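The values are calculated or read from the model by the stated rules, or taken from the named source; none is laboratory data. Bear in mind the structure is a predicted one, so any value in this text is a computation, not a measurement. Every residue, glycine as well, gets a Cβ built from its backbone with ideal geometry; the counts of neighbours run over all protein chains shown. Just so you know, the surface numbers come from the protein's heavy atoms only, side chains and all, with ligands and any DNA or RNA stripped out. Shrake-Rupley method; radii C 1.70, N 1.55, O 1.52, S 1.80 Å.
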2 protein chains.
Amino acid sequence: MLEPEQLSLNIPDTTKPRVVIIGGGFGGINLAKKLSGKDFQVVMFDKQNYHGFWPLLYQVATAGLEPDSIAEPLRKMFGADDYEDFHFRLVKVTGINPETRTVTTLIGDIAYDYLVIATGTKPNYFGNDQIKKFSFPLKQVPEALNLRSQILQCFEQANMTKDPAMRQELMNFVIVGGGPTGVELAGALAEMRSHVLPTDYPGLDFGQMNIILVEGMDRVLPPMSTEASEKTFKYLKELGVDMRLNTLVESYDGVLVTLKSGEQIRTNTLIWAAGVSGALIPGLPETSVERGRILVNDYNQVLGFDNIFAIGDIAFMKTPEFPKGHPGVAQPAIQQGKLLSKNLKRMLRREPLEPFKYKDKGSLAIIGRNRAVADLPGNMHFGGFFAWVIWLFVHVMALVGFRNKLVVLSNWIYKFFTYENGTRLIIRPFVRRGDRAKRKFIDKYAGD
Amino acid sequence: MLEPEQLSLNIPDTTKPRVVIIGGGFGGINLAKKLSGKDFQVVMFDKQNYHGFWPLLYQVATAGLEPDSIAEPLRKMFGADDYEDFHFRLVKVTGINPETRTVTTLIGDIAYDYLVIATGTKPNYFGNDQIKKFSFPLKQVPEALNLRSQILQCFEQANMTKDPAMRQELMNFVIVGGGPTGVELAGALAEMRSHVLPTDYPGLDFGQMNIILVEGMDRVLPPMSTEASEKTFKYLKELGVDMRLNTLVESYDGVLVTLKSGEQIRTNTLIWAAGVSGALIPGLPETSVERGRILVNDYNQVLGFDNIFAIGDIAFMKTPEFPKGHPGVAQPAIQQGKLLSKNLKRMLRREPLEPFKYKDKGSLAIIGRNRAVADLPGNMHFGGFFAWVIWLFVHVMALVGFRNKLVVLSNWIYKFFTYENGTRLIIRPFVRRGDRAKRKFIDKYAGD
């Protein structure tokens, strides 16, 4: 492999206006799909070569789906046969320079006519470096694979210790954050405890396995309706999830979690799903940024610029209806990406731009194997199996690429009828930052 | 996670004779499946928690299948509902002591009544540490995932360099070893060059991509018939694979391959499929080992012992028909595992043992997308599409677990009709031994 200084971006020169998109998430791909190569040259940067369907990432972590079921290579989505003058580069963007109208990457600069920041979010540890070092985040595919291996290795080890205290540490799972990720993960772990793990580990007593969900606010799924929150609480309770509301985490040293209340829990696995902040790129004036997100007007133009845009989770569009910005889910990103493609074409034709109006298609969360909660437009709230069917339909339909849909659907049907998770492979894709002890441990166990 | 000294094997005491099986490959699982919990306690050790269907591993490396399609968790195969008194432990075995009749693992010793060594093989670098450090082996799931990422990253980088020599290095792929792995990998890479990569990387000239297969003997697929070798050579040539027969590799420093002939090839990717040696465990007398394999009699008993057995690739059973031992493929391991389960029961009943007689079911190899070669019993040799259909049928039927069969079959059918590989995700599961520069490089590119 070459060093960064040996590489260059190699984007062909063009007479068309160049749109540079940073990020291949929901916002970025929906924008790029609609920007035909006739009017624009499109350049997309991402640190991964795939688009991920993140609402199903918890399934990878709980051995339900393999990564290819929830991720689609960006080059496959934008193949040369269908997308003219589209240029993907797998490289990290390190800065933006609005004065020179350039973007800086690790391997060189590129000039843009229009810049779209669609970088999404990253985990927010609220400045706690110890938690950052020892907890398991769940935002990316390698992190999900790592968590899958971690969970399974905990049981392998619990099965190999005679010390009851150590066994308990290995069988305690603490999830911090009662949003969709935390709730869906807790439900999936609870189902594993009932249906898969007791057969896999007959030597362990799964009455000992604790799933503890810690949430700082007074209800789970705070972004959803109170009806959904109450139903979710009830379902999780029935599944045996130990919920601690109004509770914050003070510290975690890799074994001992200390809650702000003073309570202490010993666990080898603390999953951090407590919050996110915008994945900002240096270069915009401070006045364009508020609470880690980029302030945009109704056209997703970044405050103070007419040719720089931010879409999706990274964008902070204050509207009377959403004074704190739109919810951090896929739909606003998708809708903003699609609208921006139209508005960029309007800008070319010097036509007035269309302001963004969020069309709420509802919110969904799945709890365990066959229950879900749904807030649908028109103040309709559903729970139970019917909501689960809606959930399944919406998610499978939304997955990119027909092959993934088939794989995911057949996996789900299979799991539904057999209680069987198929992908319980321990493949350590990488090790937690700073956790050299663990790396050494794995080498010792499985190295040559 | 706990340290080894904090763990213990925790195998329940038993009055039944204890069979300890080292390795969950074809031999180990076929033995364990037939050893009912009524007569024996069965303990299995493996460094991985899954059984791999290794003949399809090259598919993982070439982005055709995800790991869960070719691997099945051992605990799922031997679930408590169906297998009584079966104990799997994910731990490395470090030694055998025939005098005390114990096996030593990283976390403690265990006594055995019968010991079965089914550890298979590991790559053989013939003492060349430089090649071991810089080449890509293809024996395990993480290695296949690593190679998949490597291949894709080579094209990402080739697309980002203006230096023609560096681009050529990145687009040269050297495969050492013309056995089934090397041949099938070369064919799969050639298909990617024709059908997938040009659409993914329109900026690259795939006339420049070279697939070079280096084989020390005078023909490819030396274990198969000369008819199969000749057909394979012809098919690979038609697919544009550059074959160098009677050629050995002298050295590889990560960029430059030097052949024994003096010829030099520059490549970032040297895949080592040139040979294997038995994965021996210390403790057996030297007289029981020949050429890195364990000498066994017709009952798979290790020379000099009546309660220690070796089956599969690690076993060296000299017979008039196979003076150099049985072929290192799945069938001898499967058949020896099944026979040994019967013989162990016979030993319990003090009945005479049945000698092993290899039933040759034929050999198959696939070349590219829709051609294969088959040597069937009765001196029948097939090539082309008909052999491919046999290949597909045999492999899909042999895959463990009905879910895997469905996934693999639907993937194959999808690929066959669309020329589309689905899993081109760059997920670096680990980095080549000693290659710290690359680790740094990846961190620099994709790290936070």
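What dipole magnitude, in Debye to the nearest 20, does chain B give about its Cα centre under +1 on Lys/Arg Cβ and -1 on Asp/Glu Cβ? If you can, show how the numbers build up before the last one.
On the way: 53 positive and 47 negative charges, 54 e Å.
Using only the charged Cβ atoms, the result is roughly 260 debye.
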Among A:56, A:152, B:311, whose Cα projects farthest towards the positive end of the dipole of the protein assembly as shown, with charges put on the beta-carbon of Lys, Arg (+1) and Asp, Glu (-1)?
A:56
Show me, for the stretch B:96-108, the HN-Hα J-couplings you get by feeding each phi into the Karplus relation (A = 6.51, B = -1.76, C = 1.60, θ = phi - 60°), rounded to Hz, glycine and proline as x.
10, 10, x, 5, 8, 6, 10, 10, 9, 10, 4, 10, x
Residues with amide H under 5 Å from that of residue A:87, placed H, sequence gap 5 or more
A:42, A:43, A:44
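How well do other chains shield peptide A:85-91, expressed as the mean number of their Cβ atoms within 10 Å of each residue Cβ?
Average per residue, whole number: 4.
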Compute the distance in nm between two label points, each set 7 Å from the Cα along the Cα-to-Cβ direction, one at residue B:194 and one at residue A:338.
4.0
Once amide H atoms are built 1.01 Å from N in the peptide plane, which residues 5 or more positions from residue A:317, or in another chain, come under 5 Å H to H?
A:296, A:326
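Over all residues in B:155-166, what is the mean tally of Cβ atoms on other chains that come within 10 Å of each residue's Cβ? All intermediate terms of the calculation are to be shown ahead of the outcome.
Values: counts 3, 8, 7, 3, 8, 14, 6, 5, 4, 0, 0, 3.
Per residue, the average neighbour count from other chains is 5.
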In peptide B:4-10, how many Cβ atoms from other protein chains are near each Cβ within 10 Å, on average?
5
Taking a label point 7 Å out from Cα toward Cβ, give me the nm distances from residue A:282 to the same spot in the other copies, shortest first, one decimal.
5.1
Can you pull out the buried accessible area for chains A and B, both sides counted, probe 1.4 Å, rounded to the nearest 100 Å²?
7100
Backbone HN-Hα couplings from phi across the stretch B:132-140 [Karplus 6.51/-1.76/1.60, Hz, Gly and Pro as x]
4, 6, 9, 8, 9, x, 9, 10, 9
Set Lys and Arg Cβ to +1 and Asp and Glu Cβ to -1, take the dipole of the protein assembly as shown about its Cα centre, and tell me which of A:73, A:367, A:176 lies farthest positive.
A:367
If labels are modelled 7 Å from Cα along the Cβ direction, residue A:406 lies from its partners in the other copies at nm distances, smallest first, of 1.3
Note the distances from residue B:84 to each other copy's matching label point, with points 7 Å along the Cα-to-beta-carbon direction, in nm, sorted shortest first.
7.2
Quick calc, residue B:226 & residue B:250: beta-carbon distance into FRET formula, R0 41 Å, rounding 0.05, result 0.90
A 1.4 Å probe over the protein heavy atoms gives the protein assembly as shown a carbon and sulfur accessible-area percentage of 53
From the phi of every residue in the stretch B:12-18, what ³J(HN,Hα) in whole Hz does the Karplus formula 6.51 cos²θ - 1.76 cosθ + 1.60 yield, where θ is phi - 60° and glycine or proline is x?
x, 5, 8, 9, 6, x, 9
Suppose every Lys and Arg Cβ carries +1 and every Asp and Glu Cβ carries -1, with no other charges. What dipole size does the protein assembly as shown come out with about its Cα centre, to the nearest 20 debye?
500
Distance in nm between residue A:34 and residue A:8 label points, each 7 Å along Cα→Cβ, equals 3.6
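Roughly how many debye, to the nearest 20, is the charge dipole of the stretch A:253-294 about its Cα centre, given +1 on each Lys and Arg Cβ, -1 on each Asp and Glu Cβ, and no other charges?
Values: 4 positive and 4 negative charges, 19 e Å.
Using only the charged Cβ atoms, the result is roughly 100 debye.
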Give the lysines whose C-alpha is closer than 16 Å to that of residue B:361, dropping any in the same chain fewer than 8 places away, or say none.
B:338
Förster radius 35 Å - calculated FRET efficiency between residue B:128 and residue B:206 (Cβ-Cβ, nearest 0.05)
0.65
Computed FRET value (nearest 0.05) for residue A:389 with residue A:410, which takes r as the C-beta separation and R₀ as 22 Å:
0.85
Given labels modelled 7 Å from the Cα in the Cβ direction, how far is it in nm from residue B:321 to residue B:165?
5.6
Taking the dipole of the stretch A:259-323 about the Cα centre (Lys, Arg +1; Asp, Glu -1; charges at Cβ), the one of A:294, A:323, A:271 that reaches farthest to the positive side is A:271
What does the net charge come to around residue A:234 if you take all other residues with beta carbon closer than 13 Å to its beta carbon, with K and R at +1 and D and E at -1?
+1
